[in-house]
Amino acid sequence: MTSSGVAPRQDGDAALRLLRDGELTVEGRLVDASNTTLRGVLSLEGRSARCVYKPVRGERPLWDFPDGTLAGREVAAYLVSAATGWDLVPPTVLRDGPFGPGSCQLWIDEPPDAEPLVGFVPADAVPPRWFPIAAARDDDGTAYALAHADDPRLARLAVLDAVINNADRKGGHVLVGPDDRIHGVDHGVSFHVEEKLRTVLWGWAGRSLPADAVDMLGRLSRLLAGPLGEELAEHLTLGEIAELAGRIDRLCESCRFPQPSQDWPAVPWPPI
């Protein structure tokens, strides 16, 4: 395992052990994050990897999420992602660290030549097989479109967001790893009992779910009634788990991607 990280599917057990038991040394702070978000290095038995450490004490209070719960929601998102078999969320654990308990997630290095899948593009030059989501203008009045690729990897992430009720899927929370796999990060404001889906991935809204997504949702429902539900109970309330089950059931019944709500902003701000 190197400091550039480990692909969860290739070495998930080793990554989790390193995250749980490795010595955690903080390198610095990610200053653009709204909550305290630290980059660190984990070391264990000659192996090392970078990580993102979010101590509970650094969580900014929110009016709609209970204080001190965001780290657990990060872990819950990983557990659901792992249960889907899609491994979209990097390995994440709850552990103690230099600034107390918090979530600890494997760091994903994006190659410098990675092609972005979400972003602002000129309104008159949206790339082929991209979905325009929202209109925007820069300071000079030039028209742009917030858009994302029609990519099956992103579609899976959109399904996961609908399942976990992700209230903050920004473009910057979509990473392309060195193995060309898609990773979703920053899930602290997920699993609310009220519908709060806010995302930049609305391109498939109302369309039929892929067949593999429908199959996955059926498996996920069964797992939630057993071991997955027991694991999630360490991080979520029984009401939140019940609402999670309800969202899965509704997606199974409709077999369609959800539509944006008219009752709250459907796109997070800033979107990237």
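The values are calculated or read from the model by the stated rules, or taken from the named source; none is laboratory data. All of these numbers come straight from a predicted model, not from anything done at the bench. All Cβ positions, glycine included, derive from the backbone under ideal geometry; neighbour counts span all protein chains shown. Please note that ligands, DNA and RNA were not included when accessible areas were found on the heavy atoms of the full protein model with its side chains. Shrake-Rupley method; radii C 1.70, N 1.55, O 1.52, S 1.80 Å.
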For the stretch 15-171, with the dipole built from +1 on Lys and Arg beta-carbon atoms and -1 on Asp and Glu ones, taken about the Cα centre, which of L44, A77, A158 lies farthest toward the positive end? L44
With +1 on each Lys and Arg Cβ and -1 on each Asp and Glu Cβ, how big is the dipole of the stretch 143-182 about its Cα centre, in debye rounded to the nearest 20? 80 debye
Quick check on the stretch 34-92: take the gyration tensor over C-alpha atoms, sort the square-rooted eigenvalues as a ≥ b ≥ c, and tell me if it's rounded (a/c under 1.5), prolate or oblate. oblate
For the stretch 174-255, taking Cα atoms only, what is the radius of gyration to one decimal and the Dmax to the nearest whole Å? 14.2, 38
The extension gain from D96 to E45, computed as 0.36 nm times the residue separation minus the Cα-Cα distance, is 16.5 nm
Roughly how many debye, to the nearest 20, is the charge dipole of the stretch 124-272 about its Cα centre, given +1 on each Lys and Arg Cβ, -1 on each Asp and Glu Cβ, and no other charges? 360 debye
For the chain, what is the calculated [θ] at 222 nm in deg cm²/dmol (nearest 500), taking -39500 (n - 2.57) for each run of four or more DSSP H residues and dividing by its residue count? -9000 deg cm²/dmol
About its Cα centre, what dipole magnitude does the chain give when the only charges are +1 on Lys and Arg Cβ and -1 on Asp and Glu Cβ, stated in debye to the nearest 20? 200 debye
Among N35, A213, A15, whose Cα projects farthest towards the positive end of the dipole of the chain, with charges put on the beta-carbon of Lys, Arg (+1) and Asp, Glu (-1)? A213
If we restrict to alpha carbons, what Rg and Dmax does the stretch 119-267 come to, in Å? 16.4, 55
Mind giving me the nanometre distance, one decimal, between the label points for V31 and E195, set 7 Å out from Cα along Cα→Cβ? 4.0 nm
Gyration tensor verdict on the stretch 49-128 (Cα atoms; rounded if a/c is under 1.5, prolate if a/b is larger than b/c, oblate otherwise): prolate
If I ignore ligands, DNA and RNA and count only protein heavy atoms, how much of E27 is accessible to a 1.4 Å probe, in Å² to the nearest 10? 90 Å²
Estimated D of the chain in µm² per second, where Rh is the Kirkwood radius over Cα pairs and Stokes-Einstein applies at 10 °C, 1.306 mPa s: 83 µm²/s
Using only the Cα atoms of the stretch 1-138, what do you get for the radius of gyration and for Dmax, in Å? 17.4, 54
Taking a probe of 1.4 angstrom, what is the accessible area of T142 in Å², to the nearest 10? 60 Å²
By its C-alpha gyration tensor, with a ≥ b ≥ c as the square roots of the eigenvalues, how is the stretch 148-207 shaped: rounded for a/c under 1.5, else prolate for a/b larger than b/c, else oblate? oblate
Roll a 1.4 Å probe over the protein heavy atoms and report the accessible area of R247 in Å², nearest 10. 10 Å²
